[in-house]
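Working notes, structure below.
The values are calculated or read from the model by the stated rules, or taken from the named source; none is laboratory data. Since the model is a prediction, treat every value here as computed from it, not as a measurement. A quick note on method: Cβ atoms are made from the backbone with ideal geometry, for glycine too, and the neighbour counts reach across all protein chains shown. Ligands, DNA and RNA are excluded from the accessible area calculation, which covers all protein heavy atoms including side chains. Shrake-Rupley method; radii C 1.70, N 1.55, O 1.52, S 1.80 Å.
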Amino acid sequence: MKIAKEFTWEMGHRLTFHKGKCKNLHGHSYKCIIEINGTPDSNGMVLDYYDLSKIVNPVIDELDHSIMVYNEDKDLISALEKLNSKKVVVNFETTAENICYFLIDKIKPSLPENIISLKVRVLETENSYAEEEIKLK
């Protein structure tokens with residue numbers, strides 16, 4: 001049985017390797033859909049949506065109204081520190097694909113034993129997304 005829940009946040013980033021507009025600091029209204037597949041309990045529930053929110057919301061709160069910055073982007077890190085601006089420093093280029101992996105790594109450890117797989121879809125815009133699914137068992 002699968003269930004899914006949608007989460008949204010506002011976040012800035014830039015892609016240091018990019019040859020086009022995305023090399024510039026910019027932001028998105030991100031949306032992600034967290035889908036889990038698992039064995040329902042005796043009440044027929046895979047996981048209460050409230051409990052899924054308790055797992056995911058702290059991660060979303062960390063990202064919301066922040067700049068996600070690659071740890072090799074020393075100039076941007078320095079500027080954000082001078083501005084005392086909220087940042088999340090990561091060890092990867094901040095593509096939608098890598099943000100999927102980031103969310104999976106943050107969410108996976110808190111999922112209960114009955115969950116078989118986790119799928120994360122990250123939408124950078126209304127019509128573009130990256131998606132990854134992992135098996136937990």
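On inspection, Glu62 does not qualify as part of a strand (DSSP E or B) and open to solvent by 40 Å² or more (accessible area, probe 1.4 Å). Being among the aliphatic types (A, V, I, L, M), in contact with a Phe, Trp or Tyr (Cβ under 8 Å, 6 or more places away or on another chain) and within 20 Å of Glu131 (Cα to Cα) holds for only one residue in Leu103, Leu63, and it is Leu63.
A Cβ distance below 8 Å, combined with a sequence gap of six or more or placement on separate chains, defines the contacts here; from the range 76-105, residues that are under 16 Å from Gly27 (Cβ atoms) and aromatic (Phe, Trp, Tyr) reach no residue that is open to solvent by 40 Å² or more (accessible area, probe 1.4 Å) and not in a helix (DSSP H, G or I).
Per-residue answers, yes or no, for (1) surrounded by 15 or more Cβ atoms within 10 Å (Cβ to Cβ); (2) in contact with a strand residue (DSSP E or B) (Cβ under 7 Å, 6 or more places away or on another chain):
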{"position": "Leu52", "(1), (2)": "yes, yes"}
{"position": "Ile55", "(1), (2)": "yes, no"}
{"position": "Ile67", "(1), (2)": "yes, yes"}
{"position": "Tyr70", "(1), (2)": "yes, yes"}
{"position": "Ala79", "(1), (2)": "yes, no"}
{"position": "Lys86", "(1), (2)": "no, yes"}
{"position": "Pro109", "(1), (2)": "no, no"}
{"position": "Val120", "(1), (2)": "yes, yes"}
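Among the residues making up the range 62-75, those that are free of Cβ contacts under 8 Å to residues at least 40 places away in the same chain and among the acidic types (Asp, Glu) are Glu62, Asp75.
If I ask for residues that are in a helix (DSSP H, G or I) and either of a type in the set (A, V, I, L, M) or open to solvent by less than 30 Å² (accessible area, probe 1.4 Å) (or both), which ones from the range 88-106 would you list? Result: Ala96, Ile99, Cys100, Phe102, Leu103, Ile104.
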